[in-house]
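A short write-up of the structure that comes next.
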Amino acid sequence: MMRGHSRYGRIFVTYPLLVLISFIGLLPFYWMVACSFKTNENMFLMPLQWFPNPINWNAYGDAWKAQDFTRYFLNTTFIAVAITFGNLLLGSLAGYSLSKFRYFGRGVLFLLILSTMMLPLEVTMVPLFLIVKKFGWPNTYEGLIVPFVVDGFGVFLMRQYLKSIPNELIEAARIDGASELRIYWQIVMPLCKPALAALGVFTFREAWDMYIWPLIIVTKDSLRTLPLGISLFMSSFGTSWDQLMAVAAIGTLPMVLLFFFLQRSFIQGISISGLKN
Amino acid sequence: MSASGSTQSRSLRKLFRLNIAAKQALFAYAIILPTLAVIVIFRFLPMLQAFYISLHEYDLIRPPTFIGFRNFIDLVQDPLFLQSAWVSFIYVVFSCVPVWVLALALAVLFNREIRAKNFFRSATFMPVVMPAVVNAVVWTFMYHQDGVVNTILAWFGIDPIPWLRSSKWALWAVILIGIWRATPYYMVIFLAGLQAIPQRYYEAAQIDGASSWNQFRHITLPLLKPTTLLVMVMSVIVALKVFAVPLIMTGGGPADATRVLPLFIYQTAFEFFKMGRAAAMSVFLFAAVMIFTIFQIRLFSRGED
């Protein structure tokens, strides 16, 4: 009786609901790609065209030529990779220091780093800009990378993960005469792979998404990132929707690939961001 | 072995051990130093400097002049600032509350046995994958008067809505996108929380004949409380930071309807070059964020013990 009831509930409530939710989740992706292949005359045709007909193959090529998108794409890739590696290296080093060593001031340092974790860039953007300006870093890669090369979240995540690694492993290596740096690199780091993967994917996504900071410190075209390029393309005169959707689709593609190939780490990074322990 | 030799070797060993301890501490300091430098220079210092600049008038050209609390007094009398604070408030309330409910509901749904679970879960998760700027561009297109959103509404007999061109609708358009993108993110966090609840509680409840609603009400909700609080705090802070979507979609308009605080700070600083004024606004935003951060650190430390 109960079983039958819940089975009908599944067929008539749960699955239609799941289909609806999936539709809402996927619609903007589908619409972006579909419309990048529509001709501009058919863009707002009534009734709406759900499948592009005829197919317009030119949007991607034309958009890519309209602005230096190759450069923007490479800039974003370079910056995101640099920030990700910085976070993995410095975050794990700092996390290692905070979890496996005892020294004066450790608790205070941890609190200091933790307290900046939730500090939004939107609060500090004015002074941060002034500091970076003092360094002479507006319109440089340094200005785009160095302020974000490590972050409280990465340190926190690595510290929590490293705490679960038994001290005996490290002690044994010390007795064998391994240097501290070697212990970190050859014993501790390989054990952290899941945490590093989660942090790496999480950081890469955030760096790929970065918008407000490049907007503030970049004015030179050769340093524009993909998000800046896309928003500029949108506001520039004469841009057509098919081309804009084409550029948007290319800007999304690396994230979609990242999600499909590293799904576990992608999800883990997010669930860790909400973990209290 | 003589007694004196044994004490000598013991003190030598002690010295050696001390030396090792000092070496290890030195190593520990050395490897945290780069992180500390970045955090102090690019996070902590700017935070302190924000307060300093907020007491000055500064346009990037002439040297800053001290004007005391003038910026703050001007701000609370500035209708544009009050409007902006109000917009941020509305955005936070109406984008966060639905997200909490929807994210939890979806997490409960995906925590059950479902066929083709991976497909549905991935599809639901996709909004998180879309970059913020792309999000803004694509939704601007979808919110077009003759766009796909109005087309779908027309299936239900709803007249076309002038989403981004009307000061009445623009903020709701932005809020809907916020909900669309944030819900799956917090669903993942809720799912992690749900999976940490031991199955035996539910088994015991089932033996006692508790209905699924009662199980949810008396087992899931209480045990999920820490996760729920965390999601609440995180989502509010993230919502207070919203920037790219309103800037790209509406530029803060029409009629200031979507000018959230971060957007107003950005415009004041980098379009009107009133650094002091912008810093004073940051202090207000900081106060709002701080209330929630303190809340969160307390949560953290409670878990830490």
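Summed over the stretch A:136-151, the residues that are more than 17 Å from A:Arg205 (Cβ to Cβ) and either surrounded by 13 or more Cβ atoms within 10 Å (Cβ to Cβ) or of a type in the set (Asp, Glu) (or both) give a count of 9.
Answer yes or no as to whether B:Met187 is within 30 Å of A:Pro47 (Cβ to Cβ) and either among the hydrophobic types (A, V, I, L, M, F, W, C) or at the interface with chain A (Cβ under 9 Å from one of its Cβ atoms) (or both). Answer is no for this residue.
Going residue by residue through the stretch A:61-77, is there one that turns out to be part of a helix (DSSP H, G or I), closer than 20 Å to A:Asp151 by Cβ and modelled with pLDDT of 95 or more? Scanning the stretch A:61-77 turns up at least one residue that is part of a helix (DSSP H, G or I), closer than 20 Å to A:Asp151 by Cβ and modelled with pLDDT of 95 or more. Checking the stated criteria, A:Gln160 turns out not to satisfy the condition of being away from chain B (no Cβ under 11 Å) and more than 30 Å from B:Tyr52 (Cβ to Cβ).
A:Ser99 meets each of the listed conditions (1) in the same structural domain as A:Asp151 (by TED's automatic domain parsing); (2) surrounded by 18 or more Cβ atoms within 10 Å (Cβ to Cβ); (3) assigned to a loop (DSSP other than H, G, I, E, B) apart from (3). When A:Leu112 is tested against the conditions (1) within 8 Å of chain B (Cβ to nearest Cβ); (2) assigned to a loop (DSSP other than H, G, I, E, B); (3) surrounded by fewer than 18 Cβ atoms within 10 Å (Cβ to Cβ), the lone failure is (2).
Of the helices (runs of 4 or more DSSP H) entirely within the stretch A:167-277, those holding at least 1 residues that are closer than 30 Å to B:Lys225 by Cα and within 10 Å of another protein chain (Cβ to nearest Cβ) occupy A:193-209, A:241-261, A:263-273. A single entry from A:Thr84, A:Thr124 fulfils the requirement of being polar (S, T, N, Q) and more than 10 Å from chain B (Cβ to nearest Cβ): A:Thr84.
Each residue in the stretch A:152-165 was checked for being open to solvent by 20 Å² or more (accessible area, probe 1.4 Å) and under 20 Å from A:Ile212 (Cβ atoms), and 1 of them qualify.
So that you can scan it fast, the table gives a plain yes or no per residue for (1) open to solvent by 50 Å² or more (accessible area, probe 1.4 Å); (2) among the aliphatic types (A, V, I, L, M); (3) over 22 Å from B:Leu26 (Cα atoms):
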| site | (1), (2), (3) |
| --- | --- |
| A:Arg106 | yes, no, no |
| A:Met125 | no, yes, yes |
| A:Lys133 | yes, no, yes |
| A:Glu168 | yes, no, no |
| A:Gly177 | yes, no, no |
| A:Cys192 | no, no, yes |
| A:Leu199 | no, yes, yes |
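Applying the set (1) farther than 30 Å from A:Gly95 by Cα; (2) at pLDDT below 95 to B:Pro46 leaves exactly one unmet item: (1). Any idea which residue in the stretch B:227-253 is farthest from the other protein chains (Cβ to nearest Cβ), counting only those that are in contact with a Leu (Cβ under 7 Å, 6 or more places away or on another chain) and in a helix (DSSP H, G or I)? Out of the qualifying residues, it is B:Pro246. The C-beta contact set for the stretch B:49-69 (first residue within 13 Å of chain A (Cβ to nearest Cβ), second residue part of a loop (DSSP other than H, G, I, E, B) and open to solvent by less than 40 Å² (accessible area, probe 1.4 Å), distance under 9 angstrom, 6+ apart or interchain) comprises B:Leu55/B:Gly68.
The values are calculated or read from the model by the stated rules, or taken from the named source; none is laboratory data. Note that the structure is a prediction, hence the values are computed from the model and not measured. In this analysis, Cβ positions are derived from the backbone assuming ideal geometry, glycine residues included, and neighbour counts consider all displayed protein chains. To get the accessible areas, we keep the full protein, side chains included, count just its heavy atoms, and leave off ligands, DNA and RNA. Shrake-Rupley method; radii C 1.70, N 1.55, O 1.52, S 1.80 Å.
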